[in-house]
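Below is one structure; the comments refer to it alone.
The values are calculated or read from the model by the stated rules, or taken from the named source; none is laboratory data. Keep in mind the model is a prediction, meaning the values are calculated, not measured. Neighbour counts are summed over all protein chains in view; Cβ atoms, including those assigned to glycine, are modelled from backbone coordinates with ideal geometry.
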2 protein chains.
Amino acid sequence: MTADVFQAHREPLELALKAALPEDHSPLSASARYVMGWEDENGHPSEAGGKRLRPLATCHIGTLLGAPLERVLPGAVAIELIHNFSLVHDEIQDEDATRHGRPTLWARLGTAQAINVGDLLFARAFTALSVSSDKELTGAFTTVLTGAVERMIRGQWSDLEFEQRTDVSADEYLEMVAGKTGALLGACGAIAALAAGRDRATVDAFQRWGVSIGLAFQAQDDYLGIWGDSAETGKSNTNDIARRKKSLPLLLGLAEPGTRDVILRAFANEQPEELEVVAVAAALADAGIGDRSLSMARAFQAEAESLLQAVPGEAARTGLLSMGRLLVDRER
Amino acid sequence: MTADVFQAHREPLELALKAALPEDHSPLSASARYVMGWEDENGHPSEAGGKRLRPLATCHIGTLLGAPLERVLPGAVAIELIHNFSLVHDEIQDEDATRHGRPTLWARLGTAQAINVGDLLFARAFTALSVSSDKELTGAFTTVLTGAVERMIRGQWSDLEFEQRTDVSADEYLEMVAGKTGALLGACGAIAALAAGRDRATVDAFQRWGVSIGLAFQAQDDYLGIWGDSAETGKSNTNDIARRKKSLPLLLGLAEPGTRDVILRAFANEQPEELEVVAVAAALADAGIGDRSLSMARAFQAEAESLLQAVPGEAARTGLLSMGRLLVDRER
């Protein structure tokens, strides 16, 4: 995902993001900058800002469709702030103590203040939208973003609920993913198309494109979580089976009598043993569930690509297709 | 606060609030309606919606200033949703298990899902603003609300931080109150004035009016928390001294050598004894701190009222003055 296609807008994006957050020295503001990756735990400059996948995709799509960058930027900034707000709250909800090697905010400050920092980033997303002088566009961006946030929250609700359940179907799982991962990517597409002044139907198509890209990414990521390089031997603790993660292949496997028992036996231990992990991966592969997962990923990607067929201009269409593939193939 | 002046808009407000929230049967949506007081824990109809102080004040001010109700309503609705989002997150942060006799959301659903419900209410506040066809007005409302939310979050940050400190000054405390309690009341005033099409200076004056009303309320509430009727004898467990609450009189008392020791002695126990509570209240009164707290409350109220002098029209001015007093005197 460090492909050149995203580099063109990285600098103006980062400047706009910095301008969208408070610069004062209060611990609240410093914590927000920590989340964004600009400062370390001691307030010293840092470059841990991550790939900025969503806002850079938004800028790229928007400009490919002919929008001036300054019309896209407020929406792109708001999307990245929403993404970071959701990370802060998710980390609390999932009790994740580290992310990309850094302590998460709640692990540093406790849950109560981390909730506040998430709320600040959420509020600042809407402040960022309001810098645009085109109030019609701001209104359209707001509608897209509030809708996406709500679907994202519903996805997160389901994800947490699924942890308590043993009967989650693959369909329910994919609906959850469409919210938790797809909704904000859908907003990227919709906001880019709105900034480019496209009609309602095109905006909707780009929104659905983003959701499909999100589903394709997750289905492929779930496949790689079992059969990807580092997990090939079952020795890696990043293997989803070893972590008892109810990913797509596992849910498909739980629905089949032939594989269900192997999975349940392995999952009976809090930390499945290496031999069991290998046995589950083999049983799923034998039952064709690896292939099924991968073809589902490809079907979602094909669905996304079919939505781009109506985009006029060979160059724009090619650019969009290759960007969609980069988004699906981003490193895990 | 059930004064007639607020009744005129109660019904349209409640209808607009209901229209602003999802009606589906998902547990997330039902939880949002529980927070708003429309449903009990089993999803049965309930009337626990509270006084709707802020949005009714907004409607009342707006219409007194000549705004059509439909121009004020989206802002009033958003303010009440913001208020409820902040309650849900505050209850988690303060670990409050009940509010007005009902279990709080996190006590029912756990912290993780309660965070989601707060986030949903937050998002819906901005959705509610966008129903207005006047996009300029929506933009102005958004700017006011995001600013108020940020000051509210900063106030909440300080409030949590103060719990860990023993050297909080009365000035720091009042700055915290201006954010935590004042900012949203300031938004009520500003949104009402914006809806009535008033100029920047008037909007600012109404914003400052709300902050001063918030400070007057809190200073008076803190006075009543020690010397109010039910607490007079020091026997009530609602007495702020018994709860070791660092309210305004306590902070003023901690800054005086003559009263500091009495307070510290009482606060050394996790639950100060009745005799100690009485002794602290007496020492504070003897040092004139009760009177000082009350005159600070009156000074904030006078400040608020002075901001109304420029409002044209005798009837509007009188209406605003009496409403300000109702807001300060609302029952505890």
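What the table below lists for this structure:
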quantity	calculated
In region B:249-305, the residues that are among the hydroxyl-bearing types (S, T, Y) and within 23 Å of the chain's Cα centre (by Cα)	B:S293, B:S295
Residue match in region A:186-198 (condition: farther than 22 Å from A:P74 by Cβ and either over 12 Å from the mean Cα position of the chain (by Cα) or within 11 Å of chain B (Cβ to nearest Cβ) (or both))	no
Condition met for B:V72 (of a type outside the set (D, E, K, R) and away from every other protein chain (no Cβ under 13 Å))	yes
Region A:35-46 residues that are of a type in the set (D, E, K, R), paired with ones that are modelled with pLDDT under 95 (beta carbon under 6 Å, 6 or more apart)	A:E39/A:S46; A:D40/A:S46
Wholly within region B:219-328, helices (runs of 4 or more DSSP H) carrying at least 1 residues that are over 24 Å from B:L53 (Cα atoms), basic (K, R) and touching a helix residue (DSSP H, G or I) at 6+ places or on another chain (Cβ under 7 Å)	B:257-267, B:289-306
Selected residue (criterion: farthest from B:A57 (Cα to Cα)) from residues of region B:151-190 that are of a type in the set (D, E, K, R) and in contact with a Ser or Thr (Cβ under 8 Å, 6 or more places away or on another chain)	B:E172
Conditions (1) farther than 20 Å from B:R200 by Cα; (2) free of Cβ contacts under 8 Å to residues at least 60 places away in the same chain; (3) away from chain A (no Cβ under 12 Å); number of the one not met by B:T63	(1)
Which numbered condition B:F141 fails, given (1) touching a residue at least 12 places away in the same chain (Cβ under 8 Å); (2) within 9 Å of another protein chain (Cβ to nearest Cβ); (3) hydrophobic (A, V, I, L, M, F, W, C)	(2)
Check on B:L56, part of a helix (DSSP H, G or I) and either touching a strand residue (DSSP E or B) at 6+ places or on another chain (Cβ under 8 Å) or surrounded by fewer than 18 Cβ atoms within 10 Å (Cβ to Cβ) (or both)	no
Yes/no for A:P74 being more than 17 Å from the chain's Cα centre (by Cα) and without any contact (Cβ under 8 Å) to a residue 12 or more places away in the chain	no
Verdict on A:L121 being hydrophobic (A, V, I, L, M, F, W, C) and at pLDDT below 95	no
Filter result (among the hydrophobic types (A, V, I, L, M, F, W, C) and out of contact with any Lys or Arg (no Cβ under 8 Å at 6 or more places or on another chain)) within region A:38-75	A:A57, A:C59, A:I61, A:L64, A:A67, A:L69, A:V72, A:L73
Search result, residues across region A:1-34 that are of a type in the set (D, E) and in contact (Cβ under 8 Å) with a residue 12 or more places away in the chain	A:E14
Unique match (being within 30 Å of A:L64 (Cα to Cα), small (G, A, S), in the same structural domain as A:A281 (by TED's automatic domain parsing) and modelled with pLDDT of 95 or more) among A:G214, A:G189	A:G214
Any hit, region A:177-185, residues being closer than 30 Å to A:P312 by Cβ and touching a residue at least 40 places away in the same chain (Cβ under 8 Å)	yes
Residue within region B:95-105 that is part of a helix (DSSP H, G or I) and facing another protein chain (nearest Cβ under 8 Å) present	no
Residue check for B:R154: over 14 Å from the mean Cα position of the chain (by Cα), part of a loop (DSSP other than H, G, I, E, B) and of a type in the set (K, R)	no
Any hit, region A:161-172, residues being under 22 Å from A:H83 (Cβ atoms) and either more than 14 Å from every other protein chain (Cβ to nearest Cβ) or buried (at least 21 other Cβ atoms within 10 Å of the Cβ) (or both)	no
Neighbours by Cβ (under 6 Å, 6+ apart or cross-chain): first from region A:112-125, more than 8 Å from chain B (Cβ to nearest Cβ) and surrounded by fewer than 24 Cβ atoms within 10 Å (Cβ to Cβ); second assigned to a helix (DSSP H, G or I) and aromatic (F, W, Y)	A:A114/A:W106
